[in-house]
Amino acid sequence: MRFLAAAALTSALACASTSSASSRGQMASAQGQACPASQVAAVVAPSSELYARPDGNSKLMGNVDGGTKVCVDTSTSGYGFRRIKLPDGSEGYVDETHVNLL
């Protein structure tokens with residue numbers, strides 16, 4: 001009887017660990033969608049400016065609200081920027097110092 005209980009517990013734990021474990025590249029974004037493998041989940045700092053290219057001299061597309069959960073590239077681009085994908089699907093570049101990985 002103990003053997004059956006131990007086997008059932010082991011089986012349940014194995015299923016729970018494989019289904020709930022996720023790599024950093026698959027963490028959920030603000031809308032509950034998974035980030036692509038090339039990106040990770042992050043939160044943007046207040047007053048973050050969103051640029052069209054990874055350069056502070058490129059077109060300013062707007063500001064991102066502080067605390068917004070986004071998906072970001074795993075590496076920097078251009079002059080210290082990270083490409084981000086916002087919850088609405090739009091993309092742009094933010095200074096990497098304004099990105100806090102989750």
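Quick rundown of the values:
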{"quantity": "Which numbered condition residue 61 misses (of (1) part of a loop (DSSP other than H, G, I, E, B); (2) over 23 Å from residue 37 (Cβ atoms))", "calculated": "(1)"}
{"quantity": "Filtered residue count, the stretch 86-102, keeping only those that are touching a Lys or Arg at 6+ places or on another chain (Cβ under 8 Å) and free of Cβ contacts under 8 Å to residues at least 24 places away in the same chain", "calculated": "2"}
{"quantity": "Residue among 5, 52 that is loosely packed, with under 15 Cβ neighbours inside 10 Å and at pLDDT below 95", "calculated": "5"}
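The values are calculated or read from the model by the stated rules, or taken from the named source; none is laboratory data. Values in this document were obtained by computation on a predicted structure and should not be read as measured data. Here Cβ is always computed from backbone atoms with ideal geometry, including for glycine, and neighbour counts include all displayed protein chains.
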